[in-house]
1. Pick out which of A116, A33, A49 has the largest mean-square fluctuation in a Gaussian network model of the chain, springs linking Cα atoms closer than 10 Å.
2. Can you give me the span-like helices of the chain, meaning DSSP H runs with 20 Å or more of Cα extent along the axis and Kyte-Doolittle mean at or above 0.0?
3. Quick one: which residues, 5 or more positions from L12 or on another chain, have an amide H under 5 Å from its amide H? H modelled 1.01 Å from N in the peptide plane, none for Pro or chain starts.
4. Can you tell me the mean projection area, over all orientations, of the convex hull of the chain's alpha carbons? Units nm², please.
5. Once fully extended, how much extra length lies between E112 and T152, figured as 0.36 nm per residue of separation less the alpha-carbon to alpha-carbon distance?
6. How many percent of DSSP beta bridges within the chain run antiparallel, rounded to 5?
7. I want to verify a result. In a Gaussian network model of the chain, Cα cutoff 10 Å, which of these has the top mean-square fluctuation: D53, D215, D141?
8. If N is the number of residues in segment 1-130, what value comes out of its Cα radius of gyration divided by 2.2 N^0.38 Å?
Amino acid sequence: MAEPAAATQVLLVEDDPHIVDLVRSNLVVRGYAVDVSPTGEDVGEWLVASPPDVVLLDLMLPAVDGFELCREIRERSPVGIIVVSARGREGDKVRALNLGADDYMTKPFGIEELLARITATLRRVRPVPVADPRAVIEAGDVVIDLDARRVTKGDVRVHLTPTELSLLQELALHPRVLLPHARLLRRVWGPGYETQTEYLRVYVRRLRAKLETDDGPPLIVTEPRLGYRFEPP
């Protein structure tokens, strides 16, 4: 696995000293810079003083509610958020994704898996420019500028997270084509995510809420048990 640039900043929000030592030592030796927030109370300060590229967020913190903290981070920053929690229920995962998490992994975990998930998240936070003649895609009143990574709806800027934008880009580049779940998951989240269909359900729902109107035709069509299709008007 290629090492990241030295400037890559990770904020670890975790109160277990053993996990802190394990994660920090393995990330630092690979060139990451790691800040630690044991309680989560100072995360807002870290977002300003030393803006991270990725936040590793435990949900069961001593001083704050991890779900609420996830929501607050997402409202303030497009940073990649990976929840790392002992809470393994699907309901917890879906709730965290709905609040803006990009990924979710359960404890105990392997360092190689964590590194792979960080790499996948960074790929979405720091995307490679799209070399495609369709630099601007229009779908009704929705305009997707791939080069500028900017989306507008009726001339109003729509703020999308890097993961939301990556999913929308993959759909929009293949209009009226059925894209299977596994392909979308592999292209947006990366290899190894092909079975995580709940990720797609949550993020498609988020895109629909931001781009579609109640009285208009759907922009993203669900093909039950198969995948999704982008349908520009």
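1. Top of the fluctuation ranking is A49.
2. 111-125
3. For L12, the qualifying residues are D35, V36, S37, L56.
4. 13.0
5. Taking E112 through T152 to full extension adds about 10.6 nm, to one decimal.
6. Percent antiparallel among DSSP bridges in the chain is about 50.
7. D215
8. So segment 1-130 has a normalised radius of gyration of 0.97.
FYI, it's all coordinate maths here, none of it is from the lab. Given the structure is predicted, the values throughout are model-derived calculations rather than measurements. Here the Cβ is made from the backbone with ideal geometry for all residues, glycine too, and neighbour counts use every protein chain on show.
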